[in-house]
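Peer 1: Pasting a structure here, questions to come.
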Ligand SMILES: [Fe+2]
């Protein structure tokens, strides 16, 4: 057990406490009924420091939590550390510059996706890690030696071509590389992209024909790195820009569009509307200006890039804080009507989960309305992942899956909600041990990875 005292960082309190046991549980109690059509795994990644301590919420060791659903049953729950060099040797220091440049030295703690028969645990500074269907680590992936640097935690799987579109950033030149992985899982294109400096580019956008880079003022500082600090800070002198490039394009094809300074960890989705490119994003006014815990509240905004006029219209959609935006996987890069986000409770803190009431937000971007699914006091969700219903007709005909932490019982559940009705009573609820708050996950259907 980790002892919590006044020296414990906030992110390791409450349901930020890491767990220390890797469970395999087969006899799971289910309330409600799991739709029989759901055949696959819901897997979510997060930072869970092996030592019990991490200096920053982003530094913990990657631990995936998965539930296998099949034939209307919850077959198992497993949580597993991703076996990175940090697990083999806990004395390895993530902020040691030589470790930062070792592309296998990933924390592998940010996202998990299924592509080309592989399950990939991802963290943006290093190589992906391949997991097997039981969430055991196979090893780092460099695409047969083709990957020369880091690989984002937020690649996009094109629902039309099956390609995995990605990028990698670096503190050294080239600062940015575009990476295109074929539907068969081969890295087929690497393009060095010219940007103004080394920035932390957490995510990006794809449309049917383009990718859009977000070159924003969270800039690397080697002096901070040499001092052993988190080596990124906000820079008022670094211009915020969006870079639009054809998906098969090169550096020379990138067109840059100025926007107001801001930071975006996560776009909801992007799509083409004639000669415009529309992007819905969870926008922060800035990040890391005062300290590495300086995270203003993200709110939903829309950017509309006029690719003919060369301008970007920026509109705030909502003033409620919310993060982890998602659309159906089948609409990534295509026009979406609905998007889902995790609401951020007022006065959200790891310290007092019983004092918070979690919500999931559903935005109707055609009508400009939103619906709130309220989980109640002391119940806090994570990122809502949309899973389509079999033979669904409407865009929102499907399920929202997320782990929900219940502060009263200090335990968690996998909740399956009806995305169309946003009824707060779940269709199915699978009882689990406590799953600490984490980052991103996916529904990985058995057709992708069995
Ligand atoms: Fe992320």
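Peer 1: Give me 54, 285 sorted ascending by neighbouring Cβ count inside 10 Å, so fewest comes first. The partial results should precede the final answer.
Peer 2: On the way: 54 22, 285 13.
Final ranking by Cβ density, sparse to dense: 285, 54.
Peer 1: At a threshold of 8 angstrom on Cα-Cα distance, excluding pairs fewer than six apart, so keeping six or more, what relative contact order does segment 329-450 reach in percent? Walk me through the numbers before you get to the answer.
Peer 2: Working: 244 pairs, mean separation 22.2, N = 122.
Once normalised by length, the contact order is 18 percent.
Peer 1: Build a GNM of the chain with springs between Cα atoms under 10 Å: which of 296, 49, 267 gets the top mean-square fluctuation?
Peer 2: Sorting by GNM fluctuation, first place goes to 296.
Peer 1: Any idea how far apart residue 223 and residue 450 come out in nm if each label point goes 7 Å out from Cα toward Cβ?
Peer 2: 5.8
Peer 1: Here's something else I'd like to know. What FRET efficiency comes out for residue 337 versus residue 104 if R0 is 45 angstrom and r is the Cβ-Cβ distance? Round to the nearest 0.05.
Peer 2: On the way: r = 41 Å, r/R0 = 0.92.
After rounding to 0.05, the efficiency reads 0.65.
Peer 1: Right, next: Helix-only estimate, please: 222 nm mean residue ellipticity of the chain, summing -39500 (n - 2.57) across DSSP H runs of length 4 or more and dividing by its residues, to the nearest 500.
Peer 2: Numbers: 3 runs with 13 residues, N = 450.
Result for the chain: -500 deg cm²/dmol, rounded to the nearest 500.
Peer 1: Compute the relative contact order of the chain as a whole-number percentage, counting only Cα pairs closer than 8 Å that sit 6 or more residues apart in sequence.
Peer 2: 14
Peer 1: Of the residues 252, 411, 108, which exhibits the maximal mean-square fluctuation in a Gaussian network model of the chain defined by a 10 Å Cα contact cut-off?
Peer 2: Fluctuation is largest for 252.
Peer 1: With a 10 Å Cβ neighbour count serving as the proxy for reagent exposure, in which order, fewest first, do 226, 200 appear?
Peer 2: Details: 226 11, 200 21.
Ascending Cβ contact count within 10 Å gives the list 226, 200.
Peer 1: Give me the one-decimal nm value for the distance between modelled label points at residue 411 and residue 260, 7 Å along each residue's Cα-to-Cβ direction.
Peer 2: 4.7
Peer 1: Which of 156, 354 comes first, and how do the rest follow, when ranked by fewest Cβ neighbours within 10 Å?
Peer 2: On the way: 156 23, 354 14.
Ordered by Cβ neighbours within 10 Å, fewest first: 354, 156.
Peer 1: Would segment 374-450 count as rounded, prolate or oblate if I go by the C-alpha gyration tensor, calling it rounded below 1.5 in a/c and otherwise prolate when a/b exceeds b/c, oblate otherwise? Spell out each step's value before the answer.
Peer 2: Values: a/c = 2.36, a/b = 1.44, b/c = 1.64.
Because a/c hits 1.5 or more and a/b fails to exceed b/c, segment 374-450 counts as oblate.
Peer 1: A further question on this structure: Comparing 253, 290, 396, which has the greatest mean-square fluctuation in the GNM of the chain with Cα pairs linked when under 10 Å apart?
Peer 2: Maximum among the listed residues: 290.
Peer 1: Moving on to the next point. Could you give the C-alpha radius of gyration of segment 251-351 expressed as a fraction of 2.2 N^0.38 Å, taking N as the number of residues it contains? Show your work: numbers first, answer last.
Peer 2: Working: Rg = 14.9 Å, N = 101, 2.2 N^0.38 = 12.7 Å.
Taking N as the residue count of segment 251-351, the ratio is 1.18.
Peer 1: Could you give me the percent of Cα pairs per 5 Å distance bin for segment 313-425, shortest bin first, beginning at zero and ending with the bin that holds the maximum distance?
Peer 2: 2, 12, 22, 24, 18, 11, 7, 3, 0, 0
Peer 1: Would segment 143-290 count as rounded, prolate or oblate if I go by the C-alpha gyration tensor, calling it rounded below 1.5 in a/c and otherwise prolate when a/b exceeds b/c, oblate otherwise?
Peer 2: Values: a/c = 1.92, a/b = 1.28, b/c = 1.50.
Here segment 143-290 falls in the oblate category.
Peer 1: Right, here's the next one. Please state the relative contact order of segment 207-265 as a whole percent: Cα pairs under 8 Å, 6+ residues apart?
Peer 2: Values: 96 pairs, mean separation 22.4, N = 59.
Result for segment 207-265 is 38 percent.
Peer 1: Largest first and to the nearest Å, give the Cα extent of segment 1-129 along each principal axis.
Peer 2: That gives 49, 40, 20 Å along the principal axes, largest extent first.
Peer 1: For segment 59-206, what is the Kirkwood estimate of the hydrodynamic radius, computed as the reciprocal of the mean inverse distance between distinct Cα atoms, to one decimal in Å? Show your work: numbers first, answer last.
Peer 2: On the way: mean 1/r = 0.0626 Å⁻¹.
Its Kirkwood hydrodynamic radius stands at 16.0 Å.
Peer 1: Take residue 92 and residue 302, extend 7 Å from each Cα along the Cα→Cβ direction, and tell me the distance between the two endpoints in nm.
Peer 2: Distance between label points: 4.5 nm.
Rule-based calculations on the coordinates, nothing more; no lab input. The structure presented is a predicted model; accordingly, all values stated were derived computationally and were not measured. We place every Cβ from the backbone using ideal geometry, glycine too, and count neighbours over all the protein chains shown.
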